[in-house]
1. Just give me the residues in the range 73-97 being surrounded by 10 or more Cβ atoms within 10 Å (Cβ to Cβ), at pLDDT below 80 and among the charged types (D, E, K, R), in sequence order.
2. Hey, can you tell me all the residues within the range 105-128 that are open to solvent by less than 50 Å² (accessible area, probe 1.4 Å) and within 12 Å of the chain's Cα centre (by Cα)?
3. Among the residues in the range 52-69, are any under 17 Å from the mean Cα position of the chain (by Cα), charged (D, E, K, R) and either open to solvent by less than 60 Å² (accessible area, probe 1.4 Å) or modelled with pLDDT of 75 or more (or both)?
4. Out of the range 86-132, which residues are among the basic types (K, R) and closer than 27 Å to S39 by Cβ?
5. Being surrounded by 16 or more Cβ atoms within 10 Å (Cβ to Cβ), among the aliphatic types (A, V, I, L, M) and over 16 Å from P133 (Cβ atoms) is the filter here; which residues of the range 36-51 pass it?
6. Kindly indicate whether Y90 is within 13 Å of the chain's Cα centre (by Cα) and touching a residue at least 12 places away in the same chain (Cβ under 8 Å).
7. Please verify whether V17 is modelled with pLDDT under 75 and open to solvent by 60 Å² or more (accessible area, probe 1.4 Å), treating the condition exactly as stated.
8. Which fully enclosed strands (runs of 3 or more DSSP E) of the range 125-168 have 3 or more residues being farther than 19 Å from E40 by Cα?
Amino acid sequence: ANVARLIRRDSLQNPSVPLYQALTQYFSGPPSASGYSVSEKGSLANMAVWRPVNLLAGTAAALPLKLYRNLPDGTRREVTDHPLFTGEAYPDLTWFEYVETRVLHILLYGNAYSLLIRNEAGDRLVRVLPIAPDRVDVRRVEQTERNPSGKEFVLSKVDGDREALTPAEV
């Protein structure tokens with residue numbers, strides 16, 4: 001067998017293909033009809049995409065965010081002890097990283113999702129965790145008392161299971 005025929009044209013093992021091109025194709029997935037694959041994750045290998053996305057996400061995450069509570073007398077007071085802003089809500093990432101991830105998802109996927117975790121009583125939001133947008137399918141379902149909007153978020157889990165969540169959870 002001819003060895004040259006066994007090596008794919010876009011393969012990392014093909015010395016005639018520049019390494020950056022072979023790596024981009026390798027991480028982007030199978031090529032399209034044009035010969036190049038374009039995906040959200042793969043596009044970050046291109047400096048012309050990565051730099052503005054990184055700049056916008058980092059800048060947005062660095063902006064100050066203040067939370068205010070309306071008081072019965074008509075005034076408002078800044079809230080500084082909410083768990084979302086004290087670091088309790090994010091055991092694996094900082095507030096900066098959370099916001100940066102959300103902006104990155106919006107820029108690359110056009111939307112961002114977070115899992116909303118409430119306290120045992122269900123009346124206070126205590127944790128929000130980002131969900132990769134490519135793992136969420138949004139669909140319309142029949143309106144119910146539990147889901148009056150009729151919008152459902154189907155989350156594809158890492159183990160292959162799928163879970164339907166309501167807007168109160170996402």
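The values are calculated or read from the model by the stated rules, or taken from the named source; none is laboratory data. Because the structure is predicted, anything quoted here is derived from the model rather than measured. For neighbour counting, all protein chains shown are included, and Cβ atoms are generated from backbone atoms with ideal geometry for every residue, glycine included. Keep in mind that these areas ignore ligands, DNA and RNA; they rest on the heavy atoms of the full protein, side chains included. Shrake-Rupley method; radii C 1.70, N 1.55, O 1.52, S 1.80 Å.
1. Passing the criteria: only E88.
2. The answer is H105, L108, A112, Y113, S114.
3. For the range 52-69, residues under 17 Å from the mean Cα position of the chain (by Cα), charged (D, E, K, R) and either open to solvent by less than 60 Å² (accessible area, probe 1.4 Å) or modelled with pLDDT of 75 or more (or both): absent.
4. Across the range 86-132, the qualifying residue is only R102.
5. A45, V49
6. Spelling it out, it is not the case that Y90 is within 13 Å of the chain's Cα centre (by Cα) and touching a residue at least 12 places away in the same chain (Cβ under 8 Å).
7. Criteria not met by V17.
8. The strands (runs of 3 or more DSSP E) meeting that bar are 125-131, 151-156, 162-165.
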